[in-house]
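Just so you know, all these numbers are worked out from the coordinates, no wet-lab data involved. If you're wondering where the values come from, they're calculated on a predicted model, not measured in any experiment. Cβ placement follows ideal geometry from the backbone for every residue including glycine, while neighbour counts extend to all protein chains displayed.
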């Protein structure tokens, strides 16, 4: 497990960790998170944060990808939650792989959310070094996100996921994060994209 320690003296009341599907490509053969479900997903994420009474004394971690991550970031920012993005690549590569996502609209939203961040964007490549041979950048980033969140105390961590319940398209997706979290903490809010 990748270990990390809190970077500052902030001791949040709660720590939210998020993983979720990116918006589907229009050509995706089997829908997972179609663009038509974006508004209801945003509402469900906001409701989850409301139920947990998220606010300015809390801290949230995600990557910042198009779709779920950005919906979560926007909802946290509306509630005054401090958001920290941890990304598997340098930012330009991350934007190319995980933000533009079939539409420049998500890049605009990413830049708007980034402008409101009060923490620096952290890159696994810069902070953890080169990816080991055979390693997966997304799995490593999931473990880094989880260990960073857990470093504030296991009982503070609440995982929110936007997921269809299936294995992902590759290693290191939401399914992987869900399994990692379930092994270490049972505090999970699952928003099932199949029921939106």
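With 5 Å bins from zero, work out the P(r) of segment 106-182 over every alpha carbon pair and list the percent per bin.
Calculated over all Cα pairs of segment 106-182, the distribution is 3, 12, 18, 19, 24, 18, 5, 0 percent.
What order, most packed first, do the peptides 33-46, 112-125 have when packing is the mean number of other Cβ atoms within 10 Å of each residue? Working shown, then result.
On the way: 33-46: 17.2, 112-125: 14.9.
Taking the mean over residues of other Cβ atoms within 10 Å, the ranking is 33-46, 112-125.
Can you give me the C-alpha center-to-center distance between segment 19-78 and segment 115-179, rounded to a whole angstrom?
Cα centroid of segment 19-78 versus Cα centroid of segment 115-179: 15 Å apart.
When the helices in the chain are scored as -39500 (n - 2.57) per DSSP H run of 4 or longer and the sum is shared across all residues, what 222 nm value do you end up with, to the nearest 500 deg cm²/dmol?
On the way: 7 runs with 76 residues, N = 196.
Calculated mean residue ellipticity at 222 nm is -11500 deg cm²/dmol.
Evaluate the distance, in nm, between pseudo-label points positioned 7 Å from the Cα of residue 190 and of residue 52 along their respective Cα→Cβ axes.
A separation of 1.6 nm, rounded to one decimal place.
How compact is the chain by the rule of thumb for globular proteins, expressed as Cα Rg over 2.2 N^0.38 Å? Each step should come with its number before you reach the end.
Working: Rg = 15.3 Å, N = 196, 2.2 N^0.38 = 16.3 Å.
It is 0.94.
Give, in nm to one decimal, the length gained when the segment between residue 104 and residue 79 is fully stretched (0.36 nm per residue of separation minus the Cα-Cα distance). Can you show the working numbers first?
Numbers: separation 25, 0.36 × 25 = 9.00 nm, distance 2.57 nm.
Going from the current span to full extension adds 6.4 nm.
Where does each of 52-62, 176-186, 16-26 land if you order them by average Cβ count within 10 Å, highest first?
Values: 52-62: 19.4, 176-186: 16.3, 16-26: 22.8.
Output ranking for 52-62, 176-186, 16-26: 16-26, 52-62, 176-186.
Work out how much length residue 126 to residue 35 would gain on full extension: take 0.36 nm times their residue separation and subtract the Cα-Cα distance, in nm to one decimal.
29.5 nm
Compactness ratio of segment 27-124: Cα Rg over 2.2 N^0.38 Å, N = residue count? It would help to have the intermediate numbers written out before the result.
On the way: Rg = 13.5 Å, N = 98, 2.2 N^0.38 = 12.6 Å.
Output field value: 1.08.
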